[in-house]
Amino acid sequence: MRLLSLEVQNYRNIASASLTPGRELTVICGNNGQGKTNLLEAIWLLTGGKSFRGGKDAELVRRGEPFAVLEASTLRAQQEEQEPDTPNRVRMTIGMPDSARPGRYAAVNGAPPKRAAALAGSFPAVVFDPGHLSLVKGAPEGRRRFLDAALCQLYPGYLATYRRYVRALQQKNALLRHSSTTPERPYAEKTALLEVLNVELAAQGEAIQKRRRAYLEQLGPLACANYAELSHGAERMAVRYAAQFEPGGLAALLRARQNEELRAGQSLCGPHREDLELLLDGQPAKVFASQGQQRSVVLSLKMAEAAAAARITGEHPVLLLDDVLSELDEGRKQYLLTRMKEKQTFVTSCDDTAFLKTDGEVYRMNGGVLTKL
């Protein structure tokens, strides 16, 4: 996958910017707070996913403007071989002031606009942001989100499965909260409704866990090999899925814990309660990992995410690396620069000295103004 061009208007602090990236490396340098990450974030939105920084869509629009526009030209690997002169053209509007449902809408090759989520799978990308260090020491929710976001790009049907599960889970939790505080429904009716919801949760939850397990069978060994190279073998990394149930066992687990859930007033089991365990020399990284080790673990996972996507789809994702070289020693920097070859990579940096001898394109961002060097 390659991004051929990007035009940005009224996006965060960027009034207008035009980017023609290199085939492999593109560096966006500049001081902190100038808009480097904003540009990377704009590229990421082409995946159809939400911002990797969180927040509402309305926050993406430049202050004082009604909406923002992103226009991109992209080319998949197969197109590059067979139809290099017919790239995909994507136009995304954020805000849509004339719509009853404001948000992000995208049109591909002139087709009618759809919700941006419809882009899932069409522009594979992997992003590293300093906030992703919470993958190691943060709550399990962040690690589950890491898995689910990758799977939504790899398997467009996964997003539908995940949404069905979340919808049923929300309905179940609402019923459990209600049943724990008021006696408006007879107990038998409440349990009958729970059983109906549990059937849906078991079906979708089994599908979610199956995808996660299969994905980790590929991701895990790649991440561990990456960490061994990054750390020069100083520690051994392991990745383990902390499951609540074995395949085929969710329905029985939901039945077994139904009374406990009624007392608690919330759902207590399912893939929304599972975790991804990250270990260094057999010890939990969330407890023992230093700052440098955390960064190496996350980088190992992200590079493995890209490699796994290439294996599964035959399409290498675009790499978006925000402030990735800070706090890395020279050996780790050189390793990472080597891994950027033969794939399109965007890097932001306050210091461009590490990239002066590369063959990539170098831009400077200053106050939301992008200039090619």
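The values are calculated or read from the model by the stated rules, or taken from the named source; none is laboratory data. As the structure is a computational prediction, the values presented were derived from the model and not from experiment. Methodologically, a virtual Cβ is constructed for each residue, glycine included, from the backbone with ideal geometry; neighbour enumeration extends over all protein chains shown.
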Practice item. Only residues that are in contact with a strand residue (DSSP E or B) (Cβ under 7 Å, 6 or more places away or on another chain), in a loop (DSSP other than H, G, I, E, B) and touching a residue at least 40 places away in the same chain (Cβ under 8 Å): list them for region 40-98, please. Key: Phe52, Arg62, Glu65, Phe67, Pro87
**Study point:** So Arg213, is it in a helix (DSSP H, G or I), modelled with pLDDT of 95 or more and either within 21 Å of Ala149 (Cα to Cα) or in the same structural domain as Ala304 (by TED's automatic domain parsing) (or both)
**Key:** yes
Check your understanding: Does Ser300 qualify as being among the small types (Gly, Ala, Ser) and touching a Phe, Trp or Tyr at 6+ places or on another chain (Cβ under 9 Å)?
Key -> yes
Point to revise | Close pairs (7 angstrom Cβ cut-off, 6 or more residues apart or separate chains): within 9 Å of Met237 (Cα to Cα) in region 273-284, among the polar types (S, T, N, Q) and modelled with pLDDT under 95 anywhere | key: Leu280/Gln293
Practice item. Return the total of residues in region 288-309 being surrounded by fewer than 16 Cβ atoms within 10 Å (Cβ to Cβ) and either under 23 Å from the mean Cα position of the chain (by Cα) or at pLDDT 95 or above (or both). Key: 2
Review point. Is it the case that some residue within region 25-34 is of a type in the set (Val, Ile, Thr), within 20 Å of the chain's Cα centre (by Cα) and crowded, with 19+ Cβ neighbours inside 10 Å?
Key: no
Point to revise | Criterion (surrounded by fewer than 20 Cβ atoms within 10 Å (Cβ to Cβ), among the basic types (Lys, Arg) and in contact with a strand residue (DSSP E or B) (Cβ under 8 Å, 6 or more places away or on another chain)) met by exactly one of Arg240, Arg263, Arg257, Arg212 | key: Arg240
Point to revise | Criterion: among the charged types (D, E, K, R), closer than 23 Å to Asp322 by Cα and part of a helix (DSSP H, G or I) - qualifying residue of Arg167, Arg143 | key: Arg143
Practice item. Answer yes if at least one residue in region 15-23 is assigned to a strand (DSSP E or B) and closer than 21 Å to Asp323 by Cβ, and no otherwise. Key: yes
Practice item. Please indicate, with yes or no, whether at least one residue in region 269-281 is among the basic types (Lys, Arg) and more than 18 Å from Ser300 (Cα to Cα). Key: yes
